[in-house]
Amino acid sequence: MKAVFLAAAATIALGVASGAAQAGPTLDAIKQRGFVQCGVNTGLAGFGNPDSAGNWTGLDVDYCRAVAVALFNDPNKVKFTPLSAQQRFPAIQSGEVDLLSRNTTVTLTRDTSVGLNFAPVTYYDGQGFMVPKKLGVKSAKELSGATVCVQSGTTTELNLADYFRTNNLQYNPVVIESVDEVNAAYFAGRCDVLTTDASGLAGTRAAVAPNPDDHIILPEIISKEPLAPAVRHGDDQWFDIVKWTVYGAIAAEEKGITSKNLDEFLTSKDPEIQRMLGVAPGMGGALGLDDKWLYNVIKKMGNYGEIFERNVGVKTPLKLERGLNALWTKGGMQYAMPFR
Amino acid sequence: MSSEHRDSAPPRAGFVFSLNDPTVRSLVYQILLIGTIVLIGWFLVYNTLDNLSRRSIATGFGFMGREASFAIGESLIDYTPKDTYGRAFVAGVLNTVKVSVIGIIAATILGTLIGVARLSSNWLLARLAGGYVEIVRNIPPLLQLFIWYAVITESMPPVRQALNPLPGVFVSQRGVRFPVPAADPVWAWVGLALIVGIVLAYVLNRWGRARQAATGKPYPVLLSLLGCVVGLPLLVYLAGGAPTQLDVPELRGFNFVGGMVISPEFFAILTGLSIYTAAFIAEVVRSGILSVNWGQTEASRALGLSSGHTLRLVVLPQALRVIVPPLTSQYLNLTKNSSLALAIGYPDLVSVANTTLNQTGQAVEGVVMIMGTYLAFSLAISGFMNWYNKRIALVER
């Protein structure tokens, strides 16, 4: 329901806001307002989740904060709008949020007809299945005839249909809007299978399951789910800021710069490090930011590896390995473009 | 010459443009108002399209013909992910119609019973009905849906330990499964015979009544009704070889296979909406009955009518005039509230359209389609109810 209201609001907003797409208005608007409005998940452990004190935490949330640091040197100059899968696109299209950092899969349709520009991937994921252990299922190929709980408005819903069609399996979907209700239906036994991104399954099993050991995640990963922050079309400067904040965190890890040893690198002879940290000026100015922007981001938020380990790494309840999200030099896919 | 001629002509009673003329004035204001509305509408549409194309967001309804690639939990028509968005939308619309029609019937029956019970001279019955109304109508419908959904998914046994109250009937978290006659071409003919029978009964009934009015010969209403509606399909069934094969559900793999199922989602939305709306209908019925002067009841009793006849022939026809207009609003509410289905996973039209607008990113078109469909439903319901209202209205003689 809320999605419909939001979509309706977006419809009206699109109708009224005339000529809102000149060059660079987003940055000006945010500076005037004094904070970044960021769309995040309503509750996904490790990615976007309010903790017991009501503070937002998670990998996606940290990227919102990183952008806020790049702009204001303050990770708290950000306001979060929790969005369901269905609400997120109208919210970013209508300008209700400046940045959508909500485990959103990059796809061609979203990049084009939905009107989004995707920053670099912050988490390489894939869709998996979770089943109760007592079913004795060992592989997704054995799931013919199963009832599957899935959240509406996600690529998950489509991959699920594609996978079962490809493998000639029958299934019965139960499609619910809110992720909490989807999880509740699965754990109550309404469905045999819960499907979402593998990271999401790990988070749900760790945080929601009454007894995590009663559930297993099947080995099949049935899709590519590159998750990335997104902005709307029409403001290249704002897009560049978000994009290079993501690259900056990866580049810092490539160079071995962390939030702890950052100041040692201020005297580094490496000209790229000098450019990154603003010792040699120019990079920040090109983005329309202070030259110290990336220094501040690393200082306050840490590099990509730190953000990963803090939120979803092996020491967290999610216990996720770096896998595809390791640096390209370590067999993963995280690769920053040159700071030049 | 000409001027003379004009002068001598009788003064034209025709049109003089002056704002002092009330007719002209009201006309000008109306034109101005309509013009402004059209202009604002045009501005909004134009600006939306302009903004959408500026952000290179796709527009138009071309996506309706593309493959949907998502599955729908339950559908009245055959639907697979290979079908188009258009067909998915139709499946969603039919699911909304299904829950609305059954819900309206159930809510009307339940609401009437509760409304009458609230007026009962039995103290306990009246208080129970009063309590029902006050509790149910003061809890938001979304919460009630969650409660009903939780009741089934949490309190029913898992599918492998399904309750088996009757042979072939299984009750579990996955809903109620019951056997249905196995597919046979005869059933299509029986269905056709039923429709023919209903039409025939209606025609015969009218003819019979006209004859009774003209000649006084009584017409056996019940017998002809039974013959047409039950007898005719039965005859076709027997002529078709009377197939007795049943499609009985059985546990195979993860779920029961075969038979028919009432899903927990459908059950929750139907029960939730019926019970919620029934509380309002009960009040409508009660106020309608109370609006009929007690003297009417006394008069009909004095004439020797039984209490059943009093209710049916004297009170209800008068009460209906008060009941029908607010009842129409309740029907419209129930239909619109069915959009809450999304929260508990019943694939109604909003659910399907939402998935569609999410996959295609075409929020404007999706919302327009949802609004248009609900508008059409509402207009159809209120059109029918207005017709019915006119039919039962007091005819001044």
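The values are calculated or read from the model by the stated rules, or taken from the named source; none is laboratory data. Keep in mind the model is a prediction, meaning the values are calculated, not measured. With ideal geometry, Cβ positions are generated from the backbone for all residues, glycine too; neighbour counts draw on all protein chains shown. Accessible surface areas use protein heavy atoms only, side chains included; no ligands, DNA or RNA. Shrake-Rupley method; radii C 1.70, N 1.55, O 1.52, S 1.80 Å.
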- Under a straight-distance cross-link criterion of Cα-Cα below 28 Å, which lysines are reachable from B:LYS336, leaving out those fewer than 8 residues away in the same chain? A:LYS2, B:LYS98, B:LYS390
- Any helix of chain B counts here only if DSSP assigns it H throughout, its Cα atoms span 24 Å or more along the axis, and its mean Kyte-Doolittle hydropathy is at least -1.0, and such helices are B:22-54, B:85-118, B:185-215, B:264-290, B:316-337, B:363-392
- Hz values of 3J(HN,Hα) by residue in segment A:141-150 - Karplus curve (6.51, -1.76, 1.60), Gly and Pro given as x: 5, 8, 8, 4, x, 6, 9, 10, 8, 8
- Shielding of A:333-340 by other chains, given as the mean Cβ count within 10 Å, works out to 0
- For segment A:40-173, alpha-carbon Rg and Dmax in angstrom: 17.6, 53
- Message: To test your reading of the geometry: what angle, between 0 and 90 degrees and rounded to tens, separates the Cα axis of helix A:59-72 from the longest principal axis of chain A?
- Response: 20 degrees
- q = 0.33 Å⁻¹, segment A:23-70: log10 I(q)/I(0) [Debye, one scatterer per Cα]: -1.17
- Query: Once amide H atoms are placed 1.01 Å from N in the peptide plane, what residues at a sequence separation of 5 or more from A:HIS215, or on another chain, have their amide H within under 5 Å of its amide H?
  - Reply: A:LYS133
- Normalising by the residue count of chain B, find the relative contact order in percent from Cα pairs under 8 Å and 6+ residues apart. 21 percent
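Taking only protein heavy atoms into account and a 1.4 Å probe, give the accessible area per residue of segment B:137-216 in Å². Write out the running numbers ahead of the final one.
Details: 5000 Å² over 80 residues.
Per residue, segment B:137-216 has an accessible area of 63 Å².
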- Note on the structure: Buried accessible surface, A vs B, both sides, probe 1.4 Å, in Å² to 100, equals 4200 Å²
- So the pair-distance distribution of segment A:127-223, from every Cα-Cα distance in 5 Å bins, comes to percents of 3, 14, 29, 30, 18, 6, 1
- In Å², rounded to a whole number, the accessible area per residue of segment A:127-223 with probe 1.4 Å is 35 Å²
- Excluding residues fewer than 8 positions from A:LYS269 in its own chain, the lysines with Cα under 18 Å of it are A:LYS255, A:LYS292
- For segment A:186-340, compute Rh as the Kirkwood radius over C-alpha pairs and then the Stokes-Einstein diffusion coefficient at 20 °C and 1.002 mPa s; write the answer in µm²/s, rounded to an integer. 120 µm²/s
- Using only Cα atoms, tell me the angle between helix A:198-207 and the longest principal axis of chain A; keep it within 0 to 90° and round to the nearest 10. 80 degrees
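For the protein assembly as shown, give the percent of accessible area contributed by carbon and sulfur heavy atoms, probe 1.4 Å, rounded to a whole number. Let's see the in-between values first.
Values: 22460 of 35640 Å².
Here carbon and sulfur together make up 63 percent of the probe-accessible area.
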- Message: For a Förster distance of 60 Å, can you work out the FRET efficiency between the beta-carbons of A:LYS315 and B:SER287, rounded to the nearest 0.05?
- Response: 0.35
- The alpha-carbon center of segment A:268-330 and that of segment A:208-255 are separated, in whole Å, by 15 Å
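Would you kindly calculate the translational diffusion coefficient of chain B, applying Stokes-Einstein with the Kirkwood radius from alpha carbon pairs, for 10 °C and a viscosity of 1.306 mPa s, and quote it in µm² s⁻¹ without decimals? Please report the intermediate quantities before stating the final value.
Working: Rh = 26.8 Å.
Taking Rh from Cα pairs, D becomes 59 µm²/s.
Among the listed pairs A:LYS133/A:LYS319; A:LYS141/A:LYS315; A:LYS260/A:LYS330; A:LYS79/A:LYS224, give every one whose C-alpha distance is greater than 26 Å.
Details: A:LYS133/A:LYS319 19 Å; A:LYS141/A:LYS315 32 Å; A:LYS260/A:LYS330 22 Å; A:LYS79/A:LYS224 30 Å.
As for pairs spanning more than 26 Å Cα to Cα, those are A:LYS141/A:LYS315; A:LYS79/A:LYS224.
Regarding the protein assembly as shown, what whole-number volume in Å³ per residue does the convex hull of its Cα atoms give? Intermediate values should be presented prior to the final figure.
Details: hull volume 208.6 nm³, N = 737.
About 283 Å³ per residue, rounded to a whole number.
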- Rounded to whole Hz, the Karplus (6.51, -1.76, 1.60) HN-Hα couplings of segment A:285-292, x for glycine and proline: x, 4, 8, x, 10, 5, 5, 8
- As a percent rounded to 5, the proportion of antiparallel DSSP bridges among beta bridges in the protein assembly as shown is 65 percent
- Burial of 10 Å² or greater, segment B:346-367 residues [accessible area, probe 1.4 Å, versus chain by itself]: B:VAL350, B:SER351, B:ASN354, B:THR355, B:LEU357, B:ASN358, B:GLN359, B:THR360, B:GLY361, B:ALA363, B:VAL364, B:VAL367
- Protein-protein interface of segment B:51-76, residues with accessible area decrease of at least 30 Å², isolated chain reference, 1.4 Å probe: B:ASN51, B:ARG54, B:ARG55, B:SER56, B:ILE57, B:SER69, B:ALA71, B:GLY73
- Between B:LEU125 and B:LYS82, Cβ-based FRET efficiency (R0 51 Å, step 0.05) works out to 0.40
- Under the Karplus relation with 6.51, -1.76 and 1.60 and θ = phi - 60°, whole-Hz ³J(HN,Hα) for segment A:47-56, x at Gly and Pro, equal 10, x, 7, x, 7, 5, 8, x, 7, 6
